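**Student:** Mind having a look at this structure? Questions to follow.
The values are calculated or read from the model by the stated rules, or taken from the named source; none is laboratory data. Just so it is clear, the structure is predicted and the values come from calculations on it, not from any experiment. Here the Cβ is made from the backbone with ideal geometry for all residues, glycine too, and neighbour counts use every protein chain on show. These accessible areas exclude ligands, DNA and RNA; they are computed on the full protein's heavy atoms, side chains included. Shrake-Rupley method; radii C 1.70, N 1.55, O 1.52, S 1.80 Å.
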Amino acid sequence: MAEKTAWLVQKSEEAATRYAIRGELTRLGRSPDNDIVLDDPRVSSHHVEIRRVDGVYRLCDLNSTNGTYVAGQRVTETVLAPRAVFQLGSFGPELQFVIEDALPDANQTLAAPDLPPLAGHNSVPPISKEEEKLLSRAVARARRARRSGAFDQTGMIMRVMLGEALHRSSRKFKLAIAILAGVLAGVSVYGALEIRKLGSEKQALDAQMRKIELRLESNQDPAETQRLLARLDAFQGEEKALEKTMLYRLGPGRREDPVAGGIRSLMAEFGAETYSIPPEFLDAVNRFIARYTGPDRATTERALGDARPNIETMRRVFEQENLPADLAYMAVAESGMRAGEASDSGAVGWWQFTAATAKHFGLRIDGRTDERRDVRKSTLAAAKYIRELILDFGAGSSVMLALAAYDLGPAKVKQAIRRVSDPIRQRDFWYLYRTRALPAETRDYVPKVIAAMIIARNPAAFGF
């Protein structure tokens, strides 16, 4: 009897990748030293481990930034049953755990985009490499047409690929292929109509949410604010459910400008996802991007050029502390990437520490040495401070609240949020932002930092 092997299967639009689980311990993460490397910004450097003890496989989260989810619930440790699916981050990559006969290669990419259930693969008649490539090409071309909005090209693609298949196939398979093509054509027409319908529903939801966001910006009545927020939550729930449907995922997907997309990507990494970005927040981010690419362009060029080695040092420090590496770009907003920068209040260095705060986090300041100007030591102190703030604010969008508290001070942020009676809402950055519970200075500082991060992630898109 063939030895059974444990696998992880990650599916994408064009392929599925299998990763073999070897030995007693398999570690997954973004860092190259993992057993399975997943190059995704929502995945932590060392995200999870799979441990095998007496034939039982256990999934263990490694204090990851975005968490590990099984059946929609965040877990720290759980037993992996065969065919179980887990997700790295609430919007990160999904992987299925399977046990089956060993395959020749440890890790391999499978060309078929929609694989049959893995547990039953031995009951499916094998297809040749040539047929497998043909099917993959047909599905890939159909998906490209759907993404470009050319739904009516699906029939043409199927006819072309059918002709090629009939030319290549032996006579006994021609009838089966013709029947399959008819079924695929019918499904394609139905799917195209449903995808269009779902797209229209999403556009309607987006329009409703934008109206509510604009009313929230000008509303002064607390009772009306609560009613508007309740409606916004309901619409966001509907949109979240819509985007999880299989047909919507097969469609062209969300189309938005790069700044909104950049905000959404960062929020997914920071655990502060929102389906509706407040227009006021988006406008503020765009305003600071205009400054970083205009009047303050020299600061951005310094961060991306001469100061790049210092940025890389900062990113490594944050990763070592299991914090999002992009928090390094806070230093752009703090000091403009100048080690000698000093404020009127006596804050000095890359991270603009006052003497008292610097000493509290272990930095040396005396007549000969000021470690606030040491890039590695000061960044390590900043990482400790930010970690302390994140733990202090607890669950919810704690990274965003930590950003606010780094600028304003934790005492002032707590004083502001305690005016909100609901303790759950006190931890929700977006609720605090929409209701203007946070001071104006902080409402400006957070978009300023986010703007620096977005430019740094894709400098070419902003002219650098």
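**Student:** Within region 41-72, which residues are crowded, with 16+ Cβ neighbours inside 10 Å and part of a loop (DSSP other than H, G, I, E, B)?
**Tutor:** 41, 42, 43, 44, 45, 46, 47, 62, 64, 65, 66, 67
**Student:** Next question. Of the conditions (1) under 16 Å from residue 448 (Cα atoms); (2) at pLDDT 95 or above, residue 314 satisfies every one except a single condition; which number is it?
**Tutor:** Exception for residue 314: condition (1).
**Student:** Determine which member of the set 22, 27 is in a strand (DSSP E or B) and not hydrophobic (A, V, I, L, M, F, W, C).
**Tutor:** Selected residue: 27, the only one of 22, 27 that is in a strand (DSSP E or B) and not hydrophobic (A, V, I, L, M, F, W, C).
**Student:** Only one of these is out of contact with any Gly (no Cβ under 9 Å at 6 or more places or on another chain) and among the small types (Gly, Ala, Ser): 303, 298, 290, 272. Name it.
**Tutor:** Of 303, 298, 290, 272, the one residue that is out of contact with any Gly (no Cβ under 9 Å at 6 or more places or on another chain) and among the small types (Gly, Ala, Ser) is 290.
**Student:** Also, quick follow-up: Every residue in region 434-451 that is over 14 Å from residue 406 (Cβ atoms), open to solvent by 10 Å² or more (accessible area, probe 1.4 Å) and of a type outside the set (Lys, Arg), please.
**Tutor:** Matches in region 434-451: 435, 437, 440.
**Student:** Quick one: is residue 428 modelled with pLDDT under 90, open to solvent by 40 Å² or more (accessible area, probe 1.4 Å) and touching a Phe, Trp or Tyr at 6+ places or on another chain (Cβ under 6 Å)?
**Tutor:** Criteria not met by residue 428.
**Student:** Here is a list of conditions, (1) under 18 Å from residue 405 (Cβ atoms); (2) among the small types (Gly, Ala, Ser); (3) surrounded by 22 or more Cβ atoms within 10 Å (Cβ to Cβ); (4) without any contact (Cβ under 8 Å) to a residue 60 or more places away in the chain, and residue 333 meets all of them except one; can you say which number that is?
**Tutor:** (4)
**Student:** Hey, another quick one. Please verify whether residue 352 is at positive phi and touching a helix residue (DSSP H, G or I) at 6+ places or on another chain (Cβ under 9 Å), treating the condition exactly as stated.
**Tutor:** The answer is yes for residue 352.
**Student:** Within the group 262, 251, 271, which residue is buried (at least 19 other Cβ atoms within 10 Å of the Cβ), under 23 Å from residue 89 (Cβ atoms) and at pLDDT below 65?
**Tutor:** Being buried (at least 19 other Cβ atoms within 10 Å of the Cβ), under 23 Å from residue 89 (Cβ atoms) and at pLDDT below 65 holds for just one of 262, 251, 271, which is 251.
**Student:** Another question about this same structure. Given the criteria touching a residue at least 24 places away in the same chain (Cβ under 8 Å), within 29 Å of the chain's Cα centre (by Cα) and on the phi < 0 side of the Ramachandran plot, does residue 379 qualify?
**Tutor:** So residue 379 passes the test.
**Student:** Would you mind stating whether residue 5 is modelled with pLDDT under 90 and either surrounded by 12 or more Cβ atoms within 10 Å (Cβ to Cβ) or closer than 14 Å to residue 95 by Cα (or both)?
**Tutor:** yes
**Student:** Now for a separate question. Under 6 Å by Cβ, and 6 or more places apart or on different chains, what pairs join a residue from region 342-361 that is under 19 Å from residue 332 (Cα atoms) and open to solvent by less than 60 Å² (accessible area, probe 1.4 Å) with one that is acidic (Asp, Glu) and in a helix (DSSP H, G or I)?
**Tutor:** Correct list of pairs: 351/334; 352/334.
**Student:** For the structure I just gave you, tell me whether residue 228 is open to solvent by less than 40 Å² (accessible area, probe 1.4 Å), assigned to a helix (DSSP H, G or I), modelled with pLDDT under 80 and of a type in the set (A, V, I, L, M).
**Tutor:** So residue 228 fails the test.
**Student:** Next up: Among the numbered criteria (1) open to solvent by 10 Å² or more (accessible area, probe 1.4 Å); (2) part of a loop (DSSP other than H, G, I, E, B), which one does residue 380 miss?
**Tutor:** (2)
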